[in-house]
Amino acid sequence: MTVQEKPQTGGFGYTAGCPQDFDRAHAIDVPQLFAFLRATQPEAFARLGIPNPADPKDIVRLKFLARLSSEVGKRGVVDALRKGIEHGPVSLTLFYGTPSEGNAKAAFLHSLNRFTLTRQLAYSMEETRRALDLCLFINGLPIATFELKNSLTKQTVEDAVEQYRRDRDPREKLFEFGRCVVHFAVDDSEVRMCTELKGKASWFLPFNKGHDDGAGNPPNPHGIKTDYLWKTILTPASLTNILENYAQIVETKNEKTGQKKRTQIFPRYHQLGVVRQSLAHVTQTGAGHRYLIQHSAGSGKSNSIAWLSHQLIAAKREGKEVFDSVIVVTDRRILDDQIQKTIKGFMQVGATVGHAKHSGDLRRFIEQGKKIIVSTVQKFPVIANEVSLEEGRTFAIVIDEAHSSQGGKASGAMGVALGSEDTESETDGEEDTEDRVNAALEALMAGRRLLANASYFAFTATPKAKTLEMFGEALPVDAEGKVRHRPFHSYTMKQAFQERFILDVLAQYTPVDSYYKLVKKTEDDPEFDSKRATKKLRRYVESHDHAIRLKAEIMVDHFHERVIAPAKIGGQARAMVVCSGIERAIQYFHAFKAYLLERRSPYQAVVAFSGEHEYQGTKVTETSLNGFPSNDIPEKVQTEPYRFLICADKFQTGYDEPLLHTMYVDKPLSGIKAVQTLSRLNRAHPQKHDCFVLDFQNNSEAITFAFQDYYRTTVLADATDPNKLHDLRSALDRAQVYEQTQVDTLVGYFLEGKDRDKLDPILNACVQVYCDTLDEDQQVDFKGKAKTFCRTYSFLGTVLSFGSRDWEKLSIFLNLLLPKLPAPKEEDLARGILEAIDMDSYRVEKKAILKISLADQEAEIEPIPTEGGGRKNAPELDRLSNIIKKFNDTFGTLFLDADMVARRLHDDIAPKVAADKAYLNARENTPHTARLACDNALRKVMQGLLRDDTQTYKQFVENEAFRREVSDLIYELTRN
């Protein structure tokens, strides 16, 4: 076929390729490649010395194609397109990227790129009749393959995926890793994509726009639902942008084994959308805006942040770069690494990225011209406070998990650090004290506000009210006068669930009810505060060694029988145990260790908690218990024999481990904490088809309530009313704990940097008034309102366009006063109750597995609370005997016929089991064999109870814990 030197493009900028031009041995459309090289680099092409480019047997031609094919195979097609190829003395450019503005030569060369689409591409050397529906080439190199299906012929995207898995052999040259950037399965409703074909293990992810906050694509009045793939994503300009700024092969290395792993990355639709929409808004409006991005947990925020940060550097408006530096605020080490890997594909990391870990780093990096500066949430305010920048600089501040990292104080420090110097007052002569105080107040108020010379890009899956108001997009005032706020961009939990990009952690949620019976040890019947006593009793029984051991056995048995036996995640599944404190985590660790040994299980547990803790008279740490350093925990959990991760306030946020399949929860959870903790299970894996939660502490109603706010796009119902600060201040003034002169004097001393001997007398005088003139209820009310004022002002100071010196002064004063105010004396009227009771019995009963369904509607959350104060709760006294009775009535319903059941087990069931012939023979063998025979005999005996003791039989069949207790008891009674 004769190929034109200047391509004649069709409506979408592509020309039709010829299937016969495809060189199957090298996976290259050779005529298109040579036509591109002749048109753009005639001299270099001539130096290749190919006598007859059209002769497929020419040795020089074959050597060049072999060299090019080898480079693409080693480096990947993206790297080959970006960096070209060296062949002997000849350097060849394989692709001309987006030209810079005003560069006519670069624009001309870019126009000579050859984008071609070839239909019915026969690709195999051996199975010569096998053909792809479509292949996309750039300058003769394959970029993307397609299998196309049509619902009118009763074939869907699922058939296309299956065709890739079944018929497209990854050993074929075209389908080798990195040779194509992406493989698309497409029908008239959906698009799926895969970056590495692995036969049946090929993992196809959705590439859909989303519809109604869920999966799929919206109706298209102008054509089929999936035409966006051709009209917006794969146009020459858009595909060039993806190849230049998103697609790449990332190599990771296991530091212990030295083993390297290569992964090819192509952006998903929502990732491409958020970066492109953000950049478009920046180029249109410049710096000084806020963007809240609500992307579901596990949706690839690390890559989205890395791609956005890299491209914000080059964002231009009216020919000038919008930002001098991009500052990324994160707590995740993985994101730090991700940014480095992403940037590495585009430019020199060392010259571009800085890691601000110490005081002075941020300022030094800016002066050195570092374009991306990464800092942690904790270190950023300290670093930022020491930075004073010259006027005129602009910043993009990208915040990872904004709900936790952007409080009023942190943003205030950021504002002071990155603000222009014009916030400082300039005077020609000497300043008096009042001028200095006023200047300091103005600087503090200006520093609290989000900066006009910075844009904020806040990423979170679970936005709080404060985050929505601070970074969300304000909507027009509604009919009720409310100003609602919503995210700039969202990829919802609903869509992520439905697309199976993350797993639905609520699909198999099983609550476990605990039952226990307490008895009174003392002859007396003293009175205790019933509310406090009940909480203490619940903590006591749930942390009792017997209860921990029983729950540990249930967890271990469940994991072996329901997770390991069915080979979940291809037999690689792990479990997390979520504990309510360090003490309980250590208890569980020892219980797991003992029971796993008893079971002769090949698996072990790892415990995770912070710091050093005293347990049974000995100080222990993670390292001393696990036998390896804390930093190794994430890697160890991925390797044998470690299958259980027992946590106390660790690894419950920001921990991405796709092998986590099951979670055992023994900790009260609510709100964002519940969503974040359970979401550790949702990370996808090619062999992960479900996940499981066994919850010993919470019920389905509480979990549903927690998740509902974040299932779809979260909207703030109304903005915080700044007049609430006036109301709070008036109420605080009326308490007459302080006088205005004291506030003015103290704030003046504080801002001038006076010593404590000037500040403390004023504060101590106010504390004396607080103690002498206010009763307990008034003290609780004052302290509550003071805390609310400080919290609300700290937040409102970041979003209000105006400031108030009186508010600022009162905030400074109260922040200094509050730590000195004594807490109201509260007598613990439940003290001593644990010494007066003992635990008689403990059972747990697993309920039915629930599929928790969330309401399909946007959630509205209320603004931050501005009501403070309150009063001290009055104790409710009751007799110990009554407290125990109520407790047992509530939590002990399983034991109504406990004595009858015990007699039946001892006098009737045990003798029948002991007489079983198979059991009698087995007792002569190993204890393990004897125990199995005992359990079999017990099951047969229990069958006989079906008619005359239905309650006991029902408990034995349905209640796993009861069955275990009975089995243990019968074996002890009969083994000798």
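The values are calculated or read from the model by the stated rules, or taken from the named source; none is laboratory data. Fair warning: this is a prediction, and the values are worked out from it, not measured in the lab. When we count neighbours, we look across all protein chains shown, and the Cβ atoms used for this are built from the backbone with ideal geometry, even at glycine. In case anyone asks, the SASA skips ligands and DNA or RNA and just uses the protein heavy atoms, side chains included. Shrake-Rupley method; radii C 1.70, N 1.55, O 1.52, S 1.80 Å.
Miscellaneous remarks
- A search for C-beta distances below 7 Å between a residue of region 592-611 that is under 18 Å from residue 550 (Cα atoms) and any residue that is among the hydroxyl-bearing types (Ser, Thr, Tyr) and assigned to a strand (DSSP E or B), counting only pairs 6+ apart in sequence or on different chains, returns 604/642.
- For region 468-487, taking the residues that are at pLDDT 85 or above and open to solvent by 50 Å² or more (accessible area, probe 1.4 Å), the one that is nearest to the chain's Cα centre (by Cα) is identified as 486.
- Residue in region 673-680 that is open to solvent by 10 Å² or more (accessible area, probe 1.4 Å), without any contact (Cβ under 8 Å) to a residue 40 or more places away in the chain and farther than 30 Å from residue 165 by Cα present: yes
- When residue 633 is tested against the conditions (1) among the β-branched types (Val, Ile, Thr); (2) farther than 23 Å from residue 508 by Cα; (3) open to solvent by 20 Å² or more (accessible area, probe 1.4 Å), the lone failure is (3).
Residues are listed down the side, and each one gets a yes or a no for (1) open to solvent by 30 Å² or more (accessible area, probe 1.4 Å); (2) under 30 Å from residue 299 (Cα atoms):
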residue	(1), (2)
702	yes, yes
710	no, yes
727	yes, no
732	no, no
740	yes, no
745	yes, no
771	yes, no
774	no, no
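- Flag if residue 624 is open to solvent by 60 Å² or more (accessible area, probe 1.4 Å) and outside any loop (DSSP other than H, G, I, E, B): yes
- Region 122-139 - residue that is part of a strand (DSSP E or B) and farther than 14 Å from residue 180 by Cα and, of those, nearest to the chain's Cα centre (by Cα): 133
- Under the condition of being under 25 Å from the mean Cα position of the chain (by Cα) and within 21 Å of residue 657 (Cβ to Cβ), the residues counted in region 556-601 number 15.
- Some residue of region 590-601 being outside any helix (DSSP H, G or I) and open to solvent by less than 70 Å² (accessible area, probe 1.4 Å): yes
- Enumeration of residues in region 140-161 that are surrounded by 18 or more Cβ atoms within 10 Å (Cβ to Cβ) and either within 34 Å of the chain's Cα centre (by Cα) or assigned to a helix (DSSP H, G or I) (or both): 143, 144, 145, 146, 147, 157, 160, 161
- Filter pass, residue 737 being among the β-branched types (Val, Ile, Thr), within 16 Å of residue 813 (Cα to Cα) and in a loop (DSSP other than H, G, I, E, B): yes
- Among the residues of region 173-197, the one identified as without any contact (Cβ under 8 Å) to a residue 60 or more places away in the chain and out of contact with any helix residue (DSSP H, G or I) (no Cβ under 8 Å at 6 or more places or on another chain) is 175.
Yes or no, residue by residue, for (1) open to solvent by 40 Å² or more (accessible area, probe 1.4 Å); (2) farther than 22 Å from residue 456 by Cα; (3) touching a Cys at 6+ places or on another chain (Cβ under 8 Å):
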{"position": "250", "(1), (2), (3)": "no, yes, no"}
{"position": "289", "(1), (2), (3)": "yes, no, no"}
{"position": "295", "(1), (2), (3)": "no, no, no"}
{"position": "299", "(1), (2), (3)": "no, no, no"}
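- Criterion (open to solvent by less than 30 Å² (accessible area, probe 1.4 Å) and more than 30 Å from residue 99 (Cα to Cα)) met by exactly one of 206, 170, 218: 206
- Of all residues making up region 229-287, the number that are part of a loop (DSSP other than H, G, I, E, B), among the polar types (S, T, N, Q) and more than 30 Å from residue 638 (Cβ to Cβ): 1
- For region 602-621, the set of residues classified as outside any loop (DSSP other than H, G, I, E, B) and either surrounded by 14 or more Cβ atoms within 10 Å (Cβ to Cβ) or among the polar types (S, T, N, Q) (or both) consists of 604, 605, 606, 607, 608, 613, 615, 618, 620, listed by residue number.
- Residues of region 16-62 that are free of Cβ contacts under 8 Å to residues at least 40 places away in the same chain and not in a helix (DSSP H, G or I): 49, 50, 51, 52, 53, 54, 55, 56, 57, 58.
- Neighbours by Cβ (under 6 Å, 6+ apart or cross-chain): first from region 770-791, without any contact (Cβ under 8 Å) to a residue 60 or more places away in the chain and farther than 16 Å from residue 739 by Cα; second outside any helix (DSSP H, G or I) and open to solvent by less than 70 Å² (accessible area, probe 1.4 Å): 779/824; 783/821
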